[in-house]
1. Are any residues in the stretch 53-89 over 14 Å from the mean Cα position of the chain (by Cα) and among the polar types (S, T, N, Q), and if so, which ones?
2. Restricting attention to the stretch 52-93, which residues are under 15 Å from N119 (Cα atoms) and not charged (D, E, K, R)?
3. Working carefully through the options T98, T117, T135, T89, find the one that is among the polar types (S, T, N, Q), more than 19 Å from I42 (Cα to Cα) and in a helix (DSSP H, G or I).
4. Taking the residues in the stretch 76-103 that are in contact with a Lys or Arg (Cβ under 8 Å, 6 or more places away or on another chain) and over 20 Å from M34 (Cα atoms) as candidates, determine which candidate is surrounded by the most Cβ atoms within 10 Å (Cβ to Cβ).
5. Is there any pair linking a residue in the stretch 54-76 that is in contact (Cβ under 8 Å) with a residue 60 or more places away in the chain to one that is of a type outside the set (F, W, Y) and outside any helix (DSSP H, G or I), with Cβ under 7 Å and at least six apart or on different chains, and which?
6. Determine, yes or no, whether E43 is at pLDDT 90 or above and assigned to a helix (DSSP H, G or I).
7. Restricting the stretch 114-141 to residues that are surrounded by fewer than 12 Cβ atoms within 10 Å (Cβ to Cβ) and closer than 28 Å to F75 by Cβ, which is nearest to the chain's Cα centre (by Cα)?
Amino acid sequence: MGFAAGLQLAGFVLDVGSKIGSALTSATGHKTRMLIELRDNIELVNLWRQSGFPIDKVILKLERKQYDAAVADNFSLNKLQSRKLKVTTTKGIPQFQTYVGWSTEALIDNVYRKIKTLNNIVDMEPANSSIQKKTRLSNIY
């Protein structure tokens with residue numbers, strides 16, 4: 001990813017972080033815990049991108065507890081936001097165009113499935129150089 005694209009993505013992520021912070025003021029229960037977990041995971045990946053922390057340690061610290069609890073309790077992830085991703089929300093970032101029209105639940109499920117896959121990769125075969133962990137972690141970001 002080029003410098004300009006990286007800046008554009010960073011700005012997008014800061015905007016998402018800000019929206020999560022705003023949503024936390026009125027959230028309760030699973031919604032609060034899910035938003036906090038999402039915010040913390042975003043901040044952790046952002047630290048890796050900015051500081052070069054060891055990727056395996058960052059991946060293993062990505063949390064899934066609140067997501068798993070919410071799914072186990074049949075919490076509708078669409079309660080986080082009951083809209084579908086719009087073209088304008090993607091701010092022209094090409095890699096997000098695939099997700100236009102997806103529900104919040106589909107987007108969140110996708111992110112957490114990728115987190116679980118990365119956790120499994122690091123747990124089972126961390127030294128496998130054919131698995132592009134940096135790309136996969138960047139895609140979660």
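1. N74, S76, N78, Q81, S82, T88, T89
2. First, the residues of the stretch 52-93 that are under 15 Å from N119 (Cα atoms): 54-65, 67-68.
Once the filter is applied, which keeps residues that are under 15 Å from N119 (Cα atoms) and not charged (D, E, K, R), the stretch 52-93 yields P54, I55, V58, I59, L60, L62, Y67.
3. On the way: T117 fails: more than 19 Å from I42 (Cα to Cα); T135 fails: more than 19 Å from I42 (Cα to Cα); T89 fails: more than 19 Å from I42 (Cα to Cα).
Answer to the check: T98.
4. At the first step, the residues of the stretch 76-103 found to be in contact with a Lys or Arg (Cβ under 8 Å, 6 or more places away or on another chain) are 79-80, 100-103.
Keeping just the survivors that are over 20 Å from M34 (Cα atoms) gives 100-101.
On the way: V100: 13, G101: 10.
Top of the filtered list is V100.
5. If the second residue must be of a type outside the set (F, W, Y) and outside any helix (DSSP H, G or I), the pairs left are D56/P126.
6. On the way: at pLDDT 90 or above: no; assigned to a helix (DSSP H, G or I): yes.
Criteria not met by E43.
7. Top of the filtered list is N120.
The values are calculated or read from the model by the stated rules, or taken from the named source; none is laboratory data. Because the structure is predicted, anything quoted here is derived from the model rather than measured. Cβ: placed from backbone, ideal geometry, glycine included. Neighbour counts: every protein chain shown.
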